[in-house]
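Here is the structure we will look at.
The values are calculated or read from the model by the stated rules, or taken from the named source; none is laboratory data. Remember, it's a predicted structure, so these values are computed and weren't measured experimentally. No Cβ is skipped: glycine too gets one built from the backbone with ideal geometry, and neighbour counts run over all protein chains shown.
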Amino acid sequence: MTTQGARPPGTFTPSSSRDGRNIPVDWIKITYDAGNPAPDTDLYAAAAGHVSVTALSVNLTSEASNDLLREAFNGGPAPIPSEEPA
């Protein structure tokens, strides 16, 4: 089991070009240089030729901003609706 490593700055760089029909396209180029990964990370395990298993979870909700928006749109804090059918 590992934690998620962080690639060094400059790993992802934007690139613009034109396709065969002369239509502009934008890409994100990825450099696969792991840099100097920290031990116990997925990048460290992969660089050492091992398999990495990392459980991930992403929640980018800003609770503070949600509270401000609830107050702005509802005139005060609003309860979160129940997921149970009425």
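Taken over the stretch 31-59, the criterion of being free of Cβ contacts under 8 Å to residues at least 24 places away in the same chain and under 15 Å from the mean Cα position of the chain (by Cα) is satisfied by 57, 58, 59. Here residue 2 qualifies as modelled with pLDDT of 90 or more, surrounded by 10 or more Cβ atoms within 10 Å (Cβ to Cβ) and among the polar types (S, T, N, Q).
Among residues of the stretch 60-74 that are without any contact (Cβ under 8 Å) to a residue 24 or more places away in the chain and surrounded by 11 or more Cβ atoms within 10 Å (Cβ to Cβ), those with a beta-carbon under 6 Å from a residue that is outside any helix (DSSP H, G or I) and not aliphatic (A, V, I, L, M) at least six positions away or on a different chain give the pairs 70/77. When residues in the stretch 26-56 are screened for being at pLDDT 90 or above and of a type in the set (S, T, N, Q), 3 of them pass. Taken over the stretch 40-72, the criterion of being acidic (Asp, Glu) and within 14 Å of residue 3 (Cα to Cα) is satisfied by 40, 42. Restricting attention to the stretch 3-22, the residues that are within 24 Å of residue 57 (Cβ to Cβ) and not in a loop (DSSP other than H, G, I, E, B) add up to 2.
For the stretch 23-59: of the residues being among the polar types (S, T, N, Q) and in a loop (DSSP other than H, G, I, E, B), which is surrounded by the most Cβ atoms within 10 Å (Cβ to Cβ)?
For the stretch 23-59, the residue satisfying everything is 52.
Out of the residues in the stretch 60-80 that are of a type in the set (S, T, N, Q) and either outside any loop (DSSP other than H, G, I, E, B) or in contact with a Pro (Cβ under 6 Å, 6 or more places away or on another chain) (or both), state the one that is modelled with the lowest pLDDT.
Step one: list which residues in the stretch 60-80 are of a type in the set (S, T, N, Q), which gives 61-62, 65-66, 74.
Of the ones still in play, those that are also either outside any loop (DSSP other than H, G, I, E, B) or in contact with a Pro (Cβ under 6 Å, 6 or more places away or on another chain) (or both) are 65-66, 74.
Working: 65: 89, 66: 87, 74: 79.
Per the stated criteria, the residue is 74.
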